[in-house]
1. For segment 24-130, place one equal point scatterer on every Cα, skip the solvent, and apply the Debye formula. What is log10 of I(q)/I(0) at q = 0.14, 0.22 Å⁻¹?
2. What FRET efficiency would be calculated for the residue pair residue 91, residue 65, taking the C-beta separation as r and a Förster radius of 35 Å, to the nearest 0.05?
3. Among DSSP bridges having both ends in segment 24-130, what percentage is antiparallel? Round to the nearest 5.
4. From Cα coordinates alone, what are the radius of gyration and Dmax values for segment 25-77 in angstrom?
5. Over the Cα atoms of segment 64-103, what radius of gyration and what Dmax do you get, in Å?
């Protein structure tokens, strides 16, 4: 019995050691993608937003239109300025940026979660969620 526990313990250590730690090089890449998305949203530039989207986003019923609509409000009267106070978490293939959609007041009352996938050697937005910015999606 003791041998069996020792074998299971050793196997779990070996499995956890074999998993590759995510590259720290992803951090500036993800930050840059969030910044590019922010600037495209600010300009309401659908083509620029589309260039940052994974095709997976369509499977979620989302698009550049729905992202612009959330950031500027359904009536288009919210004064979007930036995606602020972003907290980024990532693995080798997935990332999440928990941010706030902000206007000139800097109020943090419009949270958004941006989920990214590392595809074709770049980070592409695969989904976004409005609301709770404190929980992780992966």
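Values quoted throughout were computed directly from the atomic coordinates according to the rules given, and no laboratory measurement underlies them. What you are looking at is a predicted structure, and each value in this text was computed from that prediction instead of being measured. Neighbour counts run over all protein chains shown; Cβ positions are idealised from the backbone, glycine included.
1. -0.49, -1.24
2. Working: r = 29 Å, r/R0 = 0.83.
Approximately 0.75, to the nearest 0.05.
3. So the antiparallel bridges in segment 24-130 amount to around 95 percent.
4. 11.7, 39
5. Considering segment 64-103 through its Cα atoms, Rg and Dmax are 12.4, 38 Å.
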